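Peer 1: For reference, the structure I am asking about is given below.
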Amino acid sequence: MTQEPVRVRFAPSPTGYLHVGGARTALFNWLLARRTGGQFVLRIEDTDQSRHVEDSTAKILDDLRWLGLPWDEGPEVGGDHGPYFQSQRLDVYNRYCEQLIEAGRAYYALETPQELAAMRETALREKRPVVYHRPDPLPTPDQARAAKDAGRPVTVRFMMPGGDVVVTDEILGEVRLAGQELDDFVIQKSDGWPTYHFACVVDDALMKIDFVLRGQEHLINTPKHVALQSALGFDTPRYAHLPIIFNADGSKMSKRTAIKEFGHRLLQVRQRSADVSDEDFARNVADATGVPADTVGELLAGKHTVIDPALQAVAGHLGIDLLEINVHDFRVSGYLPEALINFISLLGWSPGEDREQMTIDETVELFDIARIGKTNARFDRGKLAAFNTDWANRTSQDRLAEAFDDYLHWGDSPMRSADAATRRHLLKVCAGFRTFKELDVKGRNLFVDDEAITYEPKAVKKNLTRNDDQGYHMLETLLPRLESCDPWTGETLEKLFEQVCAEQDIKLGNAAQPVRVAVTGTSISPPIFDTLVLLGKEQTLARIRRCLSARA
RNA sequence: GCCCCCAUCGUCUAGUGGCCCAGGAUAUCAGGUUCUCAUCCUGAAGACAGGGGUUCGAGUCCCCUUGGGGGUACCA
């Protein structure tokens, strides 16, 4: 393994939230820096003004911190090689661009996007590689200026030296590309901003990055970058390209798939109430969520293309979990960052010896570039959930409480009203949950108003009305005894239930389930005595009375 | 179309020529524990894509086929 310290970087583009694939790239870079005692630099690649998404930089920084991946240099922390926003480095790129033009290594190109598209079409039709053919003679600076003045787009293209290029990749080995595949690519766009290739090469050199670890989608770019480095007189860093992460079904992990999945689930939910017309269904959902009925109709018709508050509201109302794609999604769903990190560290890397459960510190110790695999991985949410359960079971109460607070911070769970001690109690008695969201769903009814409790027909039938209202009779038996229960603790309640069960020669379940339904409206809740203690005597009794009086 | 990369249980992977009739995890199935849902415990089933080589010996090396993926932008 590399022992010399390396300078690595993670260079996200602020076009949205931090994607799990990006998080894995960030993690591996961070691990490499920590493992070798080097530096982890964060750089924001905001050179595409049209795709820039407001606030996404702040969100990316926040999610990186949440994951526990602090950077040594970059936004908000500074460093000797800044600025770390490419949008603040335009003069730097211009300088190097001019240098290349003067040296005859780059030239102005005058084609319009339409002309380029036509050239592409032709090449495709004639089954030739789609490459740009260098004009001969080259446009002169005067012609470029004239074109610009006339309002025509002018770009700058780098003159590829020609000849085959061999790139040595630390994961893939030697990758050879034929010279004729490598065309003269744009380094400066017609808006005067640099392209990714150019800004990236210039910044990596100026920021003294000596190891580039990035996604395999960049593999083909590498020969271009190497040629650029040589023309600019820069050293070529070491390269390593990571396999890509896909959804469980092999599709690309994107918001698009999340929306598609939502569509399927929505249809399933819709079919469950087949007796309701589409219009009524949409209206009901609209009434409950505050989302315009027209919008709900669009969702039903599968017309939505973005995940927005409306979609989230409808999903929340109908109990549809949106597929997590971004780090933020996992955060909101109630995963522990430790579990997420542990899980994604195993996507394309393995420490060997059947090791899986690792703290981040252990991962740093074990990390080795030589053990990174070449095959693309699929993101198995089930396994992530299992990891999360394990982590939650092993994590200290303090840390768990802290993480739970973060979860509650992002949602609108009624549990937000619970005090710190109650939250901890809940965490303890519900141990074994997959995610905080699961815990939330299980226990949230304890924190809503009594009047907000609705009784699930299925649960009522099974636990209250069955066998000639057996469950209701049980509630009637229990009510006076609960009224005189004092003090109201888990121990006294348990003793009380045991006595009743012994007297009637029944199992605890026969007494617990009717009470569970009476106080929560469902057949699922935290353990019954904890549920009653959390609810308190007064509220427990009120809810049981309410249930009895609501008896059909 | 053209170029590049990849290929072990459903999924993530261990395996660097004999330790492998292939190990772990997760998922699945079957039992058990349990006041619900979970958790937890025990067990079962489950893979070297196909075909050629090389070798005394191949999951491990080479070639072909097939399959998957990436790129082919004035996106990054």
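The values are calculated or read from the model by the stated rules, or taken from the named source; none is laboratory data. On a predicted model such as this, the values are computed, not experimentally measured, just so you know. Every residue, glycine as well, gets a Cβ built from its backbone with ideal geometry; the counts of neighbours run over all protein chains shown.
Peer 1: How many residues are more than 8 Å from RNA strand B (Cβ to nearest atom), surrounded by 12 or more Cβ atoms within 10 Å (Cβ to Cβ) and closer than 9 Å to residue A:14 by Cβ when one looks only at the range A:39-57?
Peer 2: The qualifying residues number 5.
Peer 1: Related question: Can you tell me which residue among A:421, A:392 is assigned to a helix (DSSP H, G or I), free of Cβ contacts under 8 Å to residues at least 40 places away in the same chain and either touching a Cys at 6+ places or on another chain (Cβ under 7 Å) or not basic (Lys, Arg) (or both)?
Peer 2: Unique residue meeting the criteria: A:421.
Peer 1: Just to be sure I understand, how many residues within the range A:495-538 are away from RNA strand B (no atom under 14 Å from the Cβ) and surrounded by 16 or more Cβ atoms within 10 Å (Cβ to Cβ)?
Peer 2: 1
Peer 1: Here's a follow-up. Does residue A:216 qualify as being in contact (Cβ under 8 Å) with a residue 24 or more places away in the chain, within 20 Å of residue A:370 (Cα to Cα) and of a type in the set (S, T, N, Q)?
Peer 2: yes
Peer 1: Does residue A:304 qualify as being away from RNA strand B (no atom under 14 Å from the Cβ), surrounded by 14 or more Cβ atoms within 10 Å (Cβ to Cβ), not aliphatic (A, V, I, L, M) and not in a helix (DSSP H, G or I)?
Peer 2: Working: away from RNA strand B (no atom under 14 Å from the Cβ): yes; surrounded by 14 or more Cβ atoms within 10 Å (Cβ to Cβ): yes; not aliphatic (A, V, I, L, M): yes; not in a helix (DSSP H, G or I): yes.
Judged against the criteria, residue A:304 is a match.
Peer 1: Under 22 Å from residue A:221 (Cβ atoms), under 39 Å from the mean Cα position of the chain (by Cα), in contact (Cβ under 8 Å) with a residue 40 or more places away in the chain and within 12 Å of RNA strand B (Cβ to nearest atom): which single residue out of A:172, A:116, A:124 fits that description? Give the steps one after another, and end with the answer.
Peer 2: Details: A:116 fails: in contact (Cβ under 8 Å) with a residue 40 or more places away in the chain; A:124 fails: in contact (Cβ under 8 Å) with a residue 40 or more places away in the chain.
On inspection, the qualifying residue turns out to be A:172.
Peer 1: Additional query: Which of the residues that make up the range A:5-26 are touching a Gly at 6+ places or on another chain (Cβ under 8 Å), away from RNA strand B (no atom under 11 Å from the Cβ) and part of a loop (DSSP other than H, G, I, E, B)?
Peer 2: A:5, A:6 - these are the residues of the range A:5-26 that are touching a Gly at 6+ places or on another chain (Cβ under 8 Å), away from RNA strand B (no atom under 11 Å from the Cβ) and part of a loop (DSSP other than H, G, I, E, B).
Peer 1: Looking at residue A:69 and the list (1) more than 24 Å from residue A:368 (Cα to Cα); (2) crowded, with 16+ Cβ neighbours inside 10 Å; (3) at pLDDT 95 or above, which single condition is not satisfied?
Peer 2: Among (1) more than 24 Å from residue A:368 (Cα to Cα); (2) crowded, with 16+ Cβ neighbours inside 10 Å; (3) at pLDDT 95 or above, residue A:69 violates only (1).
Peer 1: If I filter the range A:372-384 down to residues being in contact with a Phe, Trp or Tyr (Cβ under 9 Å, 6 or more places away or on another chain) and more than 6 Å from RNA strand B (Cβ to nearest atom), which single residue comes out as nearest to residue A:215 (Cα to Cα)?
Peer 2: A:372
Peer 1: Considering only the range A:51-65, how many residues are assigned to a loop (DSSP other than H, G, I, E, B) and free of Cβ contacts under 8 Å to residues at least 24 places away in the same chain?
Peer 2: 2
Peer 1: Give me the residue from the range A:227-237 that is surrounded by 17 or more Cβ atoms within 10 Å (Cβ to Cβ) and in contact with a helix residue (DSSP H, G or I) (Cβ under 9 Å, 6 or more places away or on another chain) and, out of that set, nearest to residue A:96 (Cα to Cα).
Peer 2: Of everything passing the filter in the range A:227-237, A:232 is nearest to residue A:96 (Cα to Cα).
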